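Contents: one structure, followed by commentary.
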Amino acid sequence: MSSLAGGFSTFLSLEDTPDSYTGQGSKAVSVNAGATALAFTTAGATTVYADAVSGSINGSNKAFTVTNTISTAYALFLANAVLQPTTDFTVSGTDVTMIVAPDASLSGQPFWLLHS
């Protein structure tokens with residue numbers, strides 16, 4: 001293994017890092033609150049869903065739903081189009097409201113929401 005800056009050969013050999021990997025599995029390295037050293041921290045996990053969107057695509061309906069409660073909407077997919085939050089749709093709870101009703105010709109096409 002080649003030496004790191006200052007002639008150290010491992011991360012743990014540095015003066016401002018933890019001195020052991022024990023018990024640190026699946027943790028991330030971050031700068032401590034005092035900005036004086038590095039520390040292992042538990043990274044926040046976010047569950048991301050790809051929920052099928054339910055509702056009638058008939059050219060006039062704008063109201064749709066998903067199974068899981070929406071915290072953050074990332075994108076809505078209808079047929080081969082990627083629709084953007086606030087520009088093309090809004091969300092609340094498990095409700096998805098389109099700004100413009102999808103054309104009836106899109107009925108039966110893949111329709112799903114990527115969200116957390």
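The values are calculated or read from the model by the stated rules, or taken from the named source; none is laboratory data. What you see is a predicted model, and the numbers here were worked out from it, not measured in a lab. Cβ coordinates were reconstructed from backbone atoms using ideal geometry, including for glycine residues, and neighbour counts include every protein chain displayed.
Tabulated data
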quantity	calculated
Members of the stretch 17-43 that are in a loop (DSSP other than H, G, I, E, B) and closer than 30 Å to Thr69 by Cβ	Ser26, Lys27, Thr42, Ala43
The stretch 76-95, residues that are touching a strand residue (DSSP E or B) at 6+ places or on another chain (Cβ under 8 Å), surrounded by fewer than 16 Cβ atoms within 10 Å (Cβ to Cβ) and assigned to a strand (DSSP E or B)	Val82, Thr90, Asp95
Within the stretch 44-65, considering residues that are assigned to a strand (DSSP E or B) and hydrophobic (A, V, I, L, M, F, W, C), the one surrounded by the most Cβ atoms within 10 Å (Cβ to Cβ)	Phe64
In the stretch 37-93, the residues that are more than 17 Å from Ala104 (Cβ to Cβ) and in contact (Cβ under 8 Å) with a residue 60 or more places away in the chain	Thr46, Thr47, Val48, Tyr49, Ala50, Asp51, Ala52
Matching residues in the stretch 96-112 - criterion: being modelled with pLDDT of 95 or more and part of a strand (DSSP E or B)	Val96, Thr97, Met98, Phe111
Selection from the stretch 18-29 of residues that are under 15 Å from Gly44 (Cα atoms) and surrounded by 12 or more Cβ atoms within 10 Å (Cβ to Cβ)	Gln24, Lys27, Val29
